[in-house]
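Every number here is computed from the coordinates shown, using simple stated rules; none is lab data. The structure displayed is predicted, hence computed values, not measured ones.
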Amino acid sequence: MNSPLTYRYDKREEAWRFLSYMFVHAGVQHIIGNLFLQLLIGIPLELVHKGHRVGLVYLAGVIGGSLASSIFDPRKNLVGASGGVYALIGGYFMNVIVTHQ
């Protein structure tokens, strides 16, 4: 994929790519899967916590995903919002652990 928004290892100096890759997806299945999980996990988290907190967790996951990929698999191009989705999943499980009685 040759979009100016994708994270590409040969374009690391273009800092916006560490965040903008979440707006480009590899196909319809990819975007539907990300959207489904964002709604399934994000809405309950926003009901318990404020929306801006959940948004910060999401953005941290997106940025963390691109940084981790650039370190551990530096020749990989990235598309999609899966880093943010995984951060929401982690936040959901942390919420369950902390509020478990």
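Residues whose amide H comes within less than 5 Å of that of Tyr7, counting only those at least five positions distant or on another chain, are Tyr21, Leu78 (H built at 1.01 Å from N in the peptide plane). Compared with the dominant principal axis of the Cα atoms in the chain, helix 82-99 is inclined by about 20°. How much mean residue ellipticity at 222 nm does the chain get from its helices, if each DSSP H run of length 4 or more adds -39500 (n - 2.57) and you divide by all residues, to the nearest 500 deg cm²/dmol? -21500 deg cm²/dmol, from helical runs alone. Per-residue extension of 0.36 nm, minus the Cα-Cα distance of Gln29 and Lys11, leaves a gain of 3.8 nm for this segment.
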